[in-house]
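The values are calculated or read from the model by the stated rules, or taken from the named source; none is laboratory data. Note that the structure is predicted; figures quoted are calculated from it, not measured. A quick note on method: Cβ atoms are made from the backbone with ideal geometry, for glycine too, and the neighbour counts reach across all protein chains shown. Only protein heavy atoms, including side chains, enter the accessible area calculation; ligands, DNA and RNA are left aside. Shrake-Rupley method; radii C 1.70, N 1.55, O 1.52, S 1.80 Å.
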Amino acid sequence: EGDSRGLAMSLSRPGSRRSTSGGQQPASRGTAPSLALSPSVPHSAALATAAAAAAAGKGSGQLARLPDECWLRIFAHLEACELSGPASTLCSGALALAMRPQLWVALLHLDFCASLPQRAILKAWLVLHDRFHPRQLYVHKHREHALDLDLARAELLQRGEQAREQDRKQRRLRALNFVLVRITHLLLCMALLGSTVLMWLRLNKAMECSFYVVFAPIIAFEAFLLATAVVAFTIFFLRSSSGWTFYWNRLRGVVRWLILYTSPCEGAAVLLMVCAVVPLLACTLEGDLPKALMHHKRLRFVLPFSAFWMAALVFVCSLVRRRSFSASCVGSFALLWLPLVALSVLLFLKMSFFHHLSIYVVFAPTLGMTSLLLVFVSFLVIASFWLGYRGNRDWTEYATFTLLTLLTVLTPLLLLQVAILARLNSKISTNTLFAPWSLWLSGLVLCTACHVCTSLAAAPSAPMEHLTRPWRHAERDPHSDTELLLPPTTTGIV
C-alpha cells in the first residue's frame, strides 16, 4: 500500500500541466489537443513507471495494482492522445479505465469551453447525444474544433493583412495630402518671394536678367502644380475601383476642389490657362511674340490677358451650371471674381487703347473690394470677441483666426495696392515698394515652413479605418469564442 501511494504521488507531481485538488478540474486549457500528437515526456515517464511496476508484479507472481480511484485520478492528468494511446495499452484494466465516460466528459469541458455560453452549449449537446460514448463525441468535437481553429487563423490572417493594407493606404494618403497642401503652400510663397526679389533687383539695375529669369520661380511652381494635378486627375479617373476610392474620398488640395466644383475637362482647361498667363506675360515683355502681334501695339498684351479671361469665363460658367445660386456663390462672385476680372479689363484698356485712363480707376475695383472685406472682417472680429467674452470658447477661437486674417492678409494687400499707386505716381521709390512686400512674403514663407516642420514632427494621428465585418454586430465583442481558444503564441499569425 505504501508503494502504491508513492507511485500515485510520483505520477501526480506538480510538474504536470493539469493539477487537481479535491477532485476539481481547471476551467480551460486554451487549446485543443491533437489525437495524433505524441505523448509529452512527463506523462510518458509516469506511464513507463507504472508499466514497470506492473511487470515487476507479474514476475513475482503478484499483480501490483492501485485502486481504480487512484488510477482515475492519475488518468485525469493525461491528454486525449495519452489517454487513448499509452494509458490504454498498459493492461485490460487500464483500457477499461481509459474508456470511463467521466474522463472524456472532463476533457470535453477542458478542451472546448472557453466561456460560459460554450459550457452551456456543450452540456446541452452532450444531453442531446447521450447515446454516443463521450470518446466518440470528443473525436467529433476535436475535428470540428480543428476546422474552427483553421477558420479563426484564416480570419486573423485576413484581418491582419487588411490592417496592414489600411495602414499603408493611410501613410500614402498622408504623404499625398502633405505634398498637395503643405508643400504647395510653401512652394507658392517661395516662388512669389523669389520673383519679387528678382524683379526688385532688375528694376534697381543691380542684376541684368531677362523676364524669363524673373518669372522662373513662378513658372517652376506652375510646373509642380501641373504635375500634382496629373496625380489628382489620375486618382479621379481611377476612383471607380475599390483601391482608389479610398484615396479620392480623402484627397485634399485645390485641384480636387476645382474638379468637384466644375468638371474634369473644365477644371483641366482652367488650370492650363491660368498656368499659361505668366509664361505668356514673360514672352510679351521680352518681345518673343509673332510679328503680327508685335506690329500692333494695341494687341501686344492680348495673349496673357486672353488666357486669364478665358480661365475666368470657363470657371464661372461651370460654377453657375453645376451649382445653385447660394449666398456663398453670389458672395464669391461679387467679392473675388468680379473685381479681379474688372481690374484685368481696365488694365488692358489702359495699356492698349486708353493710355490716359487714370490709374486710380484701374485699381478702383480691387481697392473697393479689399476695403469692404476689411470692414466686414473687422466687424466679425469685434462680434466674435464679444461673444467669446460672454463665455463661448468657439467664438473666441474664431475671433482669433479672423483677427490673424485681418492683420496678415487683408491689411498687407490693401497697403500693397496703395503702395503700387504711389509708385506709379512717382511718390515713393522702388525700394519703399518692394522692401515691405518682400518682408511680408518672407514672413509667409517662415510660417508655412513652420507648418511643414510641425506636420513632419507630429505623430500620425489619423484613425485606422474600421474593418467592416458583416457577420458581427458592432455592439458585440470583436473576438469570437473560437479565437479565445487559440494559444497565446498565435497572436499576430502570419
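Leu387 passes all but one of (1) hydrophobic (A, V, I, L, M, F, W, C); (2) open to solvent by less than 90 Å² (accessible area, probe 1.4 Å); (3) closer than 20 Å to Thr284 by Cβ; which number fails?
The failed condition is (3).
Report yes if Ser352 is under 29 Å from Arg202 (Cα atoms), modelled with pLDDT under 85 and touching a helix residue (DSSP H, G or I) at 6+ places or on another chain (Cβ under 6 Å), otherwise no. Before you say what the answer is, go through the steps one by one.
On the way: under 29 Å from Arg202 (Cα atoms): yes; modelled with pLDDT under 85: yes; touching a helix residue (DSSP H, G or I) at 6+ places or on another chain (Cβ under 6 Å): yes.
So Ser352 fits the description; yes.
May I ask you to verify whether Gly194 is open to solvent by less than 40 Å² (accessible area, probe 1.4 Å) and touching a Pro at 6+ places or on another chain (Cβ under 6 Å)?
When the stated conditions are applied, Gly194 passes them.
Which residue pairs have Cβ atoms under 6 Å apart, sit 6 or more places apart or on different chains, and have a first residue in the stretch 299-323 that is touching a residue at least 12 places away in the same chain (Cβ under 8 Å) and farther than 12 Å from Ser352 by Cβ and a second that is among the small types (Gly, Ala, Ser) and crowded, with 18+ Cβ neighbours inside 10 Å?
Pairs found: Ala307/Ala276; Phe308/Ser344.
Residues checked against (1) closer than 15 Å to Val181 by Cβ; (2) among the hydroxyl-bearing types (Ser, Thr, Tyr); (3) at pLDDT below 90:
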site: Ile218; (1), (2), (3): no, no, no
site: Phe221; (1), (2), (3): yes, no, no
site: Phe233; (1), (2), (3): no, no, no
site: Arg239; (1), (2), (3): no, no, yes
site: Ser242; (1), (2), (3): no, yes, yes
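Taking the stretch 82-124 on its own, how many of its residues are within 17 Å of His140 (Cβ to Cβ), polar (S, T, N, Q) and at pLDDT below 75?
Number satisfying all stated conditions: 1.
Of everything in the stretch 350-360, what is surrounded by fewer than 15 Cβ atoms within 10 Å (Cβ to Cβ) and either without any contact (Cβ under 8 Å) to a residue 24 or more places away in the chain or touching a His at 6+ places or on another chain (Cβ under 6 Å) (or both)? Give them in sequence order.
Phe354, His355, His356, Leu357, Ser358, listed by residue number.
Quick check on my filter: what residues within the stretch 266-277 are open to solvent by 30 Å² or more (accessible area, probe 1.4 Å) and modelled with pLDDT under 90?
Glu266
Can you spot a residue in the stretch 122-129 that is under 23 Å from Leu103 (Cβ atoms) and not in a helix (DSSP H, G or I)?
Yes, there is a match, as at least one residue in the stretch 122-129 is under 23 Å from Leu103 (Cβ atoms) and not in a helix (DSSP H, G or I).
Is the stretch 164-184 home to any residue that is touching a Ser or Thr at 6+ places or on another chain (Cβ under 7 Å) and within 20 Å of Ala435 (Cα to Cα)?
The answer is no, given that none of the residues of the stretch 164-184 is touching a Ser or Thr at 6+ places or on another chain (Cβ under 7 Å) and within 20 Å of Ala435 (Cα to Cα).
Quick check, is Asp130 more than 23 Å from the chain's Cα centre (by Cα), among the acidic types (Asp, Glu) and crowded, with 16+ Cβ neighbours inside 10 Å?
Considered against the rule, which asks whether it is more than 23 Å from the chain's Cα centre (by Cα), among the acidic types (Asp, Glu) and crowded, with 16+ Cβ neighbours inside 10 Å, Asp130 comes out as no.
Applying the selection to the stretch 201-221, what residues are more than 12 Å from Val278 (Cβ to Cβ) and open to solvent by less than 60 Å² (accessible area, probe 1.4 Å)? Steps first, answer last, please.
So in the stretch 201-221, the residues more than 12 Å from Val278 (Cβ to Cβ) come out as 201-210, 213.
Result: Cys209, Ser210.
It is to be established whether one or more residues within the stretch 293-309 are out of contact with any Ser or Thr (no Cβ under 8 Å at 6 or more places or on another chain), surrounded by fewer than 19 Cβ atoms within 10 Å (Cβ to Cβ), of a type in the set (Lys, Arg) and farther than 19 Å from Ile219 by Cα. Write out each step before concluding.
So the first thing to find is which residues in the stretch 293-309 are out of contact with any Ser or Thr (no Cβ under 8 Å at 6 or more places or on another chain), and the list is 293-296, 306-307.
Of the ones still in play, those that are also surrounded by fewer than 19 Cβ atoms within 10 Å (Cβ to Cβ) are 293-296, 306.
Now restrict to residues that are of a type in the set (Lys, Arg): none.
No: zero hits.
Show me the helices (runs of 4 or more DSSP H) entirely contained within the stretch 393-494 in which 3 or more residues are modelled with pLDDT of 85 or more and touching a strand residue (DSSP E or B) at 6+ places or on another chain (Cβ under 6 Å).
none
Mind checking which residues of the stretch 361-377 are open to solvent by 40 Å² or more (accessible area, probe 1.4 Å) and more than 30 Å from Lys350 (Cα to Cα)?
Once the filter is applied, which keeps residues that are open to solvent by 40 Å² or more (accessible area, probe 1.4 Å) and more than 30 Å from Lys350 (Cα to Cα), the stretch 361-377 yields only Phe376.
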